[in-house]
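Below you'll find the structure, written out as structure tokens, and then a few comments.
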Amino acid sequence: MSEKNVDDKGLPFGLTRFLSWVSLILILASSVLLAFFIGNSARNTLLLRQQQYGMLMASNLNQQIYRRFTLPTFLAFGRIALRQTMQYQQLDDVVQSTILGLHVESLRIYGADRVVNYSINPTELGRTDLTPASVERVMSSGIPYFETLSTVNMLSAMFMLKLPDGSYSLRTMFPLTVDLGISESTGEPESLVTGVLEITQDITDDYDSVVRFQWLILATCLGSSTILFAMLQFFIAKAERTLAERMARNRKLEAELHQNEKLASMGRVIASIAHEIRNPLGIIRSSAELLIRRTPEQEKGSATQRILTAIHDESCRLSQIVNDFLDYARPRVPRQDRVDLNALLNQATGFLEGEMKRLGVDCLRDVEPSLFVLGDKDLLYRAIYNVLVNAYQAIERDGMIRVRGRRRDDGMVELSFHDSGPGFPPDLLPKLLDPFFTTKDHGTGLGLPIVNTIITAHNGRLLLTNPEGGGAMITMLLPLADLPGEREDASGEGNEGPDAPLTLTDTLPSENETPRHGEA
């Protein structure tokens, strides 16, 4: 993918993010469906188990009633008459002893006339309005029938903390039979349906367990899918960051490659025209200088001399421009010597002292003594000189340049130049190190780029900032040259001779002293 496409469409993970969201939605939907499916299976299993339990209980109750009530009553009275208190009490004793300890909500016995002949709730005796429609079905077929009764639908039950008692019940309709012996025609046992036994069990607790089980499945699926989705998003974000870093490095490398190609092209062009420009330019400058010297005293200040002076000055400026082009286009590889920054600062400020005094610019230094760096003395002098010139030109008149130098903990030397000028335009800061970019009317735009090229060639960095106190600050970071055991020697060497570095007490004025113009 090209850089243009990446910038227009963003990092190529949009489809991955879309698929991850689609996957999450599908997982959530499938989790809900799975929870209901498993819950429904569990509910069906529960009902089957409860039906088997109800069938077993009804069959046992049928046998107990036949053996302990029906048969003895027939033998004793010749017929069944539950309206007689004694028979009813005898049947009630049989039923109560059989269902003792069992979770039975209601128990009724319907006769052939569909009337409630027996109930564990005596107030229901003789009623016909309680007879369900399934009684007729069981009476005619002799086959047990099961029915689930509910007062709460399943969807509502999912969102209830606790199901009320009696919310779900299982009704078992079981035929009460009397054995008639072996049929002579079929040879199989025959029985007579004499009534229907209705047993109602409260299965709310079991349903509540099913609902809790559904929520457990749903929460497990949602939790696992959320964790997987979060991990996927984390890896996507990490991949995007890695790709963004690689793209940034690629753009930087491409910019450096384009810059190198531009420099190579510019170097070839400048190398081809340097001799063509320098030779006639040197002749023009030397000729103008010769004519100025030979001008008679009475003609000094005349129009002819002013023209010759302008020719000489412009030829010097043009020569400096050609030198700047050559320095930037074909930078030389710096030597790796131990260079005293204080000595370079003394040399540069001493050379510029007159011009700074004329403009009313003070240069105050706060530089650690014996501050040595690895580099090329001539190139570093050129860099410091250019920065100082750039600083006092930005001030124009009546200002201050503060030079600070110190060792850093990371093995670098920090040398900063803070002027009291208007500062760098914030919107132009990223462009100030680009070649040929200038905010001056007559500048070439190569001053700071040349400094940056020199500092970068020394394995350092050049930083341009606008401090909070105003003005502009240019900071050079250069590798420290102090070696173990040499700091004492370097300190003694640096404080002797004419180029001894100035200390803070030598450069900064006292509280009762006003700094003098040009004082370094």
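Could you tally the net charge around V403, taking each other residue with its Cβ under 9 Å from the Cβ of V403, Lys/Arg +1 and Asp/Glu -1? Residues close to V403 contribute a combined charge of +2.
When the Cα convex hull of segment 45-92 is projected onto planes of every orientation, the mean area is 3.7 nm². Listed from fewest to most Cβ neighbours within 10 Å, the set V135, V413 follows the order V135, V413. Over all orientations, segment 379-421 has a Cα convex hull whose mean projected area works out to 3.3 square nanometres. As a proxy for reagent exposure, ranking F69, F234 by other Cβ atoms within 10 Å from fewest up yields F234, F69. Backbone phi angles across segment 106-123, fed through the Karplus curve with coefficients 6.51, -1.76 and 1.60 (θ = phi - 60°), yield HN-Hα couplings of 8, 9, 9, 10, 9, x, 5, 8, 6, 9, 6, 8, 8, 7, 6, 10, x, 5 Hz in residue order; Gly and Pro are listed as x.
Between I227 and A457, how high is the FRET efficiency from 1/(1 + (r/R0)^6) when r is the Cβ-Cβ distance and R₀ = 56 Å? Nearest 0.05.
Numbers: r = 52 Å, r/R0 = 0.93.
It comes to 0.60.
If R0 is 30 Å, the Cβ-Cβ spacing of N466 and H258 corresponds to a FRET efficiency of close to 0.60.
With 10 Å bins beginning at zero, the pair-distance distribution over Cα atoms of segment 54-162 amounts to 12, 38, 34, 11, 4, 1 %. Taking amide H positions as modeled 1.01 Å from N, with prolines and chain starts lacking one, the residues under 5 Å from E105 and 5 or more places away or on another chain are T200, Q201, D202. Computed extension length for R241-R79: 49.0 nm, one decimal, from 0.36 nm per residue of separation with the Cα-Cα distance subtracted. Charged neighbours of L71, selected by a Cβ distance under 13 Å, balance to +2 (K, R count +1; D, E count -1). Available extension along the chain between R127 and Q336 is 63.6 nm, counting 0.36 nm per residue and deducting the alpha carbon span. Going from the residue with the fewest nearby Cβ atoms within 10 Å to the one with the most, D179, D206, D419, D427 rank D427, D179, D206, D419.
Quick one: pull the percentage of alpha-carbon pairs in segment 3-214 with a separation above 22 Å. Of the Cα pairs, 62 percent sit more than 22 Å apart.
I'd like the FRET efficiency for I292 and E396, computed as 1/(1 + (r/R0)^6) with the beta carbon distance as r and R0 of 41 Å, rounded to 0.05. Don't skip to the end; give the middle numbers.
Details: r = 29 Å, r/R0 = 0.71.
In this case the efficiency is close to 0.90.
Once the other residues with Cβ under 13 Å from the Cβ of Q259 are scored (Lys, Arg +1; Asp, Glu -1), what is the net sum? Net charge in that neighbourhood comes out at -1. Between S59 and S134, the simple label model (points 7 Å from Cα in the Cβ direction) yields a spacing of 1.8 nm.
A short reminder: the numbers here are calculations on the coordinates, not readings from a lab. As the structure is a computational prediction, the values presented were derived from the model and not from experiment. Because the Cβ atoms are built from the backbone with ideal geometry, glycine has one as well, and the counts that use them run over all protein chains shown.
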